[in-house]
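Q: Here it is: the structure, laid out below.
The values are calculated or read from the model by the stated rules, or taken from the named source; none is laboratory data. It should be emphasised that the depicted structure is a prediction, and the values quoted were computed from it without experimental measurement. Counting neighbours? That spans all protein chains shown, and the Cβs are built from the backbone with ideal geometry, glycine included.
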Amino acid sequence: MAFPPLNEQMDIIRRGTVEIISEEELEHKIKHSCNTGKPLTVKQGFDPTAPDLHLGHTVSLQKLHDFQALGHKVVFLVGDFTGMIGDPSGRTETRKRMTREEVLKNAETYKEQVFKILDRDLTVVDFNSRWLASLGVEGVLHLCGLYTVARMLERDDFAMRYSEGKPISILEFLYPLFQGYDSVALRSDVELGGTDQKFNLLVGRELQRHWKQEPQVVVTMPLLVGPDGVHKMSKSLDNYIGITDPAREMYGKIMSIPDELIYTYFELVSAVPLDSLKEIKAQLESASANARDMKHELALVVTALYHGDQAAAQAREHFERVFVRKDKPEQVPEFRFPASGEPVWLAGLLREMGLVKSSSEANRLICQGAVFVNDQRVRDTDHKLEPQGEAFLRVGKRRFARVIFVKR
């Protein structure tokens, strides 16, 4: 097949990357691909440790899509075997092990979600249990003999935990070896991963050399900062934007990111073409650029990517009406309670209605001034509602509910 010219491919591949090890090797591989008409095998593994993906996961998925659009073979590797170990990258303690049933259940959800970005017909979905489950004790011993404890402790996270006297299980040492062996089994030309995966990706290169294969090129992608503007996007930190979030919620969360992240999000998660990206950068660097308008454009583009143009437009209209003009949303969940008895504790009510996960979260948000009753800010964590009439509740900028106390 015909591939785009080398320079065009390299420009697209470089977009948003942190490091390519090495560019010279990648150019060599692409030249060979162009000369032979044989696409590169580009893979990334995803351990299905949670049921849903967020925009942080899509950074590398977008890069896989770039390779796919250039004509190369993309392997979306489900780590159904490694997922039962748990990737220790960036961890300060040992992960809780997952059962095979949990991993497989999450894997099915992953397979559906990734095709919001990748082309279903052009993507190879594979499972690393296909080769890792049959390694056997002898195969595992052979892998273990290829790396020393000293080499494993070169990893920053392992070194930190070791120096602090925190436990590191032997099982965790196996994880980089198993991930590296994935590259051997697939004979991958390129492997993608976040910057926290660099050690594991380099292990793949070493193992491929051992098996007399040409080592894969490693492409690392940045870890996307969440809407809080501080920490890596993470469900555990509740600073994530899920790709299955409703359109209105996704739009609102994107509008909440700090201005300094606008270009980063455009570059890493929006999928706008390179030419458009250059124009966006120029506009943001211009003194006349309006950050709020640029953020609206970003929210519209990203929301449309996962929900379609119409839903994205409706999400924008909703945001303007509720958060700019301060109108109440048209559709608000209603909860009915008996109009009798003692006053109702607000924090417990918010938890019961699902507006917060716990009473402690409700108390924290009340202390932060993020809870309103009938448009009046509540500051008292012991605040109680009289069980009569109606009350309009708001938590933060995007969570609403109406309480109706019904006489019986």
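Q: Would you please name the residue that is nearest to HIS307 (Cα to Cα), looking only at residues in the stretch 114-172 that are of a type in the set (Val, Ile, Thr) and touching a residue at least 12 places away in the same chain (Cβ under 8 Å)?
A: ILE117
Q: Condition first: over 26 Å from the mean Cα position of the chain (by Cα), in a helix (DSSP H, G or I) and within 30 Å of GLU390 (Cβ to Cβ). Can you find one or more residues in the stretch 337-344 that meet it?
A: There is no residue in the stretch 337-344 that is over 26 Å from the mean Cα position of the chain (by Cα), in a helix (DSSP H, G or I) and within 30 Å of GLU390 (Cβ to Cβ).
Q: For the stretch 345-361, name all the residues that are not in a helix (DSSP H, G or I) and not β-branched (Val, Ile, Thr).
A: Once the filter is applied, which keeps residues that are not in a helix (DSSP H, G or I) and not β-branched (Val, Ile, Thr), the stretch 345-361 yields TRP345, MET353, GLY354, LEU355, LYS357, SER358.
Q: Right, something else. Scan the stretch 221-251 for residues that are among the β-branched types (Val, Ile, Thr) and either surrounded by 22 or more Cβ atoms within 10 Å (Cβ to Cβ) or more than 18 Å from VAL18 (Cα to Cα) (or both) and jot them down.
A: Answer for the stretch 221-251, where residues must be among the β-branched types (Val, Ile, Thr) and either surrounded by 22 or more Cβ atoms within 10 Å (Cβ to Cβ) or more than 18 Å from VAL18 (Cα to Cα) (or both): VAL230, ILE241, ILE243, THR244.
Q: Is one or more of the residues making up the stretch 298-312 of a type in the set (Val, Ile, Thr), outside any strand (DSSP E or B) and modelled with pLDDT under 90?
A: No, because not a single residue in the stretch 298-312 is of a type in the set (Val, Ile, Thr), outside any strand (DSSP E or B) and modelled with pLDDT under 90.
Q: Follow-up. Which condition does PHE158 not pass, out of (1) modelled with pLDDT of 95 or more; (2) assigned to a helix (DSSP H, G or I); (3) not charged (D, E, K, R), if it passes all the others?
A: For PHE158, the exception is condition (1).
Q: Just checking, which of ASP228, ASP196, ASP238, ASP189 is acidic (Asp, Glu) and modelled with pLDDT of 95 or more? Before you say what the answer is, go through the steps one by one.
A: On the way: ASP228 fails: modelled with pLDDT of 95 or more; ASP196 fails: modelled with pLDDT of 95 or more; ASP238 fails: modelled with pLDDT of 95 or more.
When all the criteria are applied, what remains is ASP189.
Listed here are the residues, each with its yes/no results for (1) assigned to a loop (DSSP other than H, G, I, E, B); (2) within 21 Å of VAL218 (Cβ to Cβ).
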position	(1), (2)
ALA2	yes, no
ILE12	no, yes
GLY16	yes, yes
ILE20	no, yes
GLU27	no, yes
LYS31	no, yes
GLY45	no, yes
HIS65	no, yes
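Q: Going through the stretch 192-203 one residue at a time, which ones are over 18 Å from THR148 (Cα atoms) and either in contact with a Gly (Cβ under 6 Å, 6 or more places away or on another chain) or assigned to a loop (DSSP other than H, G, I, E, B) (or both)?
A: ASP196
Q: Residues GLU279, GLU206, GLU267: which one is of a type outside the set (Phe, Trp, Tyr), in a helix (DSSP H, G or I) and either more than 25 Å from ILE13 (Cβ to Cβ) or under 17 Å from the mean Cα position of the chain (by Cα) (or both)? Working first, answer last.
A: Details: GLU279 fails: either more than 25 Å from ILE13 (Cβ to Cβ) or under 17 Å from the mean Cα position of the chain (by Cα) (or both); GLU206 fails: either more than 25 Å from ILE13 (Cβ to Cβ) or under 17 Å from the mean Cα position of the chain (by Cα) (or both).
Every option except GLU267 fails the conditions.
Q: Considering every residue within the stretch 216-229, establish whether at least one is touching a residue at least 24 places away in the same chain (Cβ under 8 Å), more than 21 Å from the chain's Cα centre (by Cα) and assigned by TED's automatic domain parsing to the domain that holds GLU24.
A: For the stretch 216-229, residues touching a residue at least 24 places away in the same chain (Cβ under 8 Å), more than 21 Å from the chain's Cα centre (by Cα) and assigned by TED's automatic domain parsing to the domain that holds GLU24: present.
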